[in-house]
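Engineer: Supplied in structure tokens, the structure appears directly below.
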């Protein structure tokens, strides 16, 4: 199996070069492009068609969130991992709503970022632990405030909460002590009841404040 193609959007040159070196010297990934702003990324990433993009938020001109939203609309299957210094709720949830599949802090270091890429490309939604706590707290608040959650059974709510933490199918099964097949059935029911087609849509629906 060939290496996965990665692009980086980061305005700080030292970080951009460091992340590029990290990607290019890894076993699983190949760097196809690194860009200092959203405008350049929007011009060049479509022609590259990477498997995943590492995206900063605070960019000159358009933000990384705007860039993710634009690229996700053009390429729904493209994956985006926000790699940023911001921990505030608004940027976290705006990033997820724009189409990001993961959110990790730059302070985590190279190994954590590569691990997050591995997890995201395996179908997960990686998040730094502090970010995951904020997502779960907001999820709990949204569940209490949003009457639409009542269409879900208690077990479906538990499954959705674990999905919001970034767990994937087998991890959810282990956390709830049920089979992977049962998790898949619950997820199908959640999609049907919430009228969504993906996990990100289901989680985002309940992250709305």
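Engineer: Can you give the FRET efficiency to the nearest 0.05 for residue 201 and residue 170, using r as the Cβ-Cβ distance and R₀ = 22 Å?
Structural biologist: Taking R0 as 22 Å, the efficiency between residue 201 and residue 170 is 0.55.
Engineer: Then there is this: Please give the length that would be gained between residue 48 and residue 115 if that part of the chain were fully extended, namely 0.36 nm times their separation in residues minus their C-alpha to C-alpha distance (nm, one decimal).
Structural biologist: 21.8 nm
Engineer: Restricting to Cα pairs below 8 Å that are 6+ residues apart, what does the relative contact order work out to for the chain? Please round to a whole percent.
Structural biologist: Taking the mean separation of contacting Cα pairs over the length of the chain, I get 14 percent.
Engineer: Pick from 164, 173, 122: which is most flexible by mean-square fluctuation in a GNM of the chain where alpha carbon atoms under 10 Å apart are linked?
Structural biologist: Of 164, 173, 122, the most mobile in the Gaussian network model is 122.
Engineer: Label point 7 Å out from residue 3 along Cα-to-Cβ: which residues of the range 98-131 have amide N under 20 Å?
Structural biologist: Hits in the range 98-131 for residue 3 at 20 Å: 110-122.
Engineer: Quick one: if you stick a label point 7 Å off each Cα along the C-beta vector at residue 107 and residue 177, how many nm between them?
Structural biologist: Simple spin-label model gives 3.6 nm for this pair.
Engineer: Would you mind calculating the relative contact order of the range 49-97 from Cα pairs under 8 angstrom and at least 6 residues apart, reporting the percent as a whole number?
Structural biologist: 45 percent
Engineer: With the chain treated as a Gaussian network of Cα nodes joined by springs under 10 Å, which of 151, 68, 172 yields the largest mean-square fluctuation?
Structural biologist: Fluctuation is largest for 151.
Engineer: Running a GNM on the chain with Cα contacts under 10 Å, which residue among 60, 126, 50 ends up with the highest mean-square fluctuation?
Structural biologist: For the chain, modelled as a Gaussian network with Cα springs under 10 Å, the answer is 60.
Engineer: Cα-based Rg (one decimal) and Dmax (whole number) for the chain, in Å?
Structural biologist: 17.1, 49
Engineer: Still on this structure, I have one more. Take the Cβ-Cβ distance between residue 25 and residue 75 as r, set R0 to 35 Å, and report the resulting FRET efficiency rounded to the nearest 0.05.
Structural biologist: So the FRET efficiency works out to roughly 0.85.
Coordinate-derived values only; no laboratory data. These figures come from a predicted structure and were not determined experimentally. Glycine also receives a Cβ, built like all others from the backbone with ideal geometry; neighbour counts cover every protein chain displayed.
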